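Only the coordinates and a few stated rules stand behind these numbers; no lab work does. None of these values were measured; they are calculated from a predicted model. Every residue, glycine as well, gets a Cβ built from its backbone with ideal geometry; the counts of neighbours run over all protein chains shown.
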Amino acid sequence: MFKIKNLFGQLTLLAVAAVVLPSGQIISVPQQAIDHSPALESVTFIHYRDGSAKPGSSIKTPTLTCYGFISKGTKLTSIENLSINPANSGMLEADVLNQTMISAAEWDNNTSKTIWGNFNVDYSANFDSVADGINEISFGPYSDPNVIAVTRIWGVFSGRSKYIDQFDILFNTAYQWGDVSATGNVNLMDYMNIATHEIGHGVGLSDLYNACSDETMYGYSGNGETKKRNLNPGDIKGLQTLYGI
Ligand SMILES: [Ca+2]
Ligand SMILES: [Ca+2]
Ligand SMILES: [Zn+2]
């Protein structure tokens with residue numbers, strides 16, 4: 001499903017140290033694929049808390065255009081499965097699974113293209129520095145407490161055959177995760193709010209740091225926020241530009 005054969009061929013040749021880049025900065029991973037397929041690049045989006053410093057580098061989005069792309073036309077091209085590790089989330093396993101599915105469906109439901117396949121709980125799912133062919137969601141510590149979540153995407157972002165191959169999402173356990181709407185607890189970081197945003201990176205959208213603050217893909221969030229659960233017109237326009245109406 002993720003060109004696993006390809007990837008395993010490439011994995012043996014990857015020797016790049018894991019580095020966290022400024023949000024939205026694309027790096028080419030130097031590697032020589034045995035089968036001469038294009039080298040996978042990676043891009044990492046870092047989601048900051050309200051009021052924390054804007055990242056020094058971000059993918060440029062035109063002012064007042066309320067969507068942006070990793071690169072134009074770069075999208076998922078096969079039906080994608082997702083492995084979810086609820087460990088350290090502070091939430092019930094079933095809630096993490098169900099709420100991930102709801103968050104992902106928000107994107108799938110706004111295009112006629114089928115994006116998602118199976119979602120499963122897997123306690124070995126992790127946040128990779130090297131592509132392993134599996135889309136994964138996990139919870140863990142992150143060095144900067146201003147960072148709510150991080151999404152890393154691997155694919156080919158330029159040239160004639162651009163695509164997103166796979167992505168991983170890490171939710172920072174510095175925050176208390178849960179369902180703000182169901183509990184009424186505005187001190188929680190709402191899981192569906194942030195998951196919908198991060199999965200938006202997985203489908204190919206970049207962060208917005210302009211005036212489009214009501215969009216799911218707006219680059220900042222805070223405790224108690226739920227407005228990113230539902231796509232805004234700019235999010236939908238961006239999605240449909242990639243995947244169709
Ligand atoms: Ca992994
Ligand atoms: Ca992975
Ligand atoms: Zn983001």
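Quick notes on this structure:
- Applying a threshold of 18 Å to the alpha-carbon distances of 75/237; 72/237; 113/228; 75/227; 75/162 flags 113/228; 75/227 as lying beyond it.
- At 1.002 mPa s and 20 °C, Stokes D of segment 112-226 from Kirkwood alpha-carbon radius, µm² per second: 139
- From least to most packed, judged by other beta carbons within 10 angstrom and beginning with the fewest, 203, 121 follow the order 121, 203.
- Net charge of Cβ neighbours under 12 Å - reference residue 233; Lys, Arg +1; Asp, Glu -1: -2
- Applied to segment 182-189, the Karplus parametrisation 6.51 cos²θ - 1.76 cosθ + 1.60 on θ = phi - 60° returns per-residue 3J(HN,Hα) values of 6, 9, x, 8, 7, 7, 7, 8 Hz, with x for Gly and Pro.
- Neighbour-count ranking [beta-carbon atoms within 10 angstrom, fewest first] of 100, 111, 196: 111, 100, 196
- Within the shell of other residues whose beta carbon sits under 13 angstrom from the beta carbon of residue 158, the net charge comes to +2, with Lys and Arg scored +1 and Asp and Glu -1.
- Order of 197, 47 - criterion: other Cβ atoms within 10 Å of each residue's Cβ, fewest first: 47, 197
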